[in-house]
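Q: After the structure tokens below, expect a handful of questions from me.
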Amino acid sequence: LEIDAAALLVAEENRRLNWLWPVCAAGRLSAIDAPAGFDLALVNVLPERIERDLPSVAALVRPSGRASFSGILIEARDDVSARLARSGFAPSADRSSGEWCALVTTRRAG
């Protein structure tokens, strides 16, 4: 799901180039009606823009499902990790490149 039309075009191209077949669509998170149904969520957005939606993201990921949050500045990693933990995401790994990092999490049950 992508709210930026240009980014959706890039996602579609990457999907095609990598022989992946997820459904890509334009819209907002509220448009998804699949409670706790996703095994994996890939969230690439600045943390301050997604924080208010974290409970909704958590509701869409099944317990023990994974969520990868990227687009995080290295210096914000600990703060973002704490916010994710408060929203039901347990950290499991992180990756960094230059000044950016991604946090891989597992959704806690309950």
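The values are calculated or read from the model by the stated rules, or taken from the named source; none is laboratory data. What you see is a predicted model; the values in this text were computed from it and never measured. Positions of Cβ are backbone-derived with ideal geometry, glycine not excepted, and every protein chain shown enters the neighbour counts.
Q: Right, Ala36: on the phi > 0 side of the Ramachandran plot and modelled with pLDDT under 90 or not?
A: yes
Q: If you don't mind, another one. Pick from segment 49-77 the residues that are β-branched (Val, Ile, Thr) and touching a Phe, Trp or Tyr at 6+ places or on another chain (Cβ under 8 Å): which of them is modelled with the lowest pLDDT?
A: Among those residues, the one meeting the criterion is Ile50.
Q: Report the residue count in segment 87-99 for those that are free of Cβ contacts under 8 Å to residues at least 12 places away in the same chain and of a type in the set (D, E, K, R).
A: The total comes to 1.
Q: Evaluate the following for Arg107: is it modelled with pLDDT of 90 or more and farther than 18 Å from Arg49 by Cα?
A: So Arg107 fits the description; yes.
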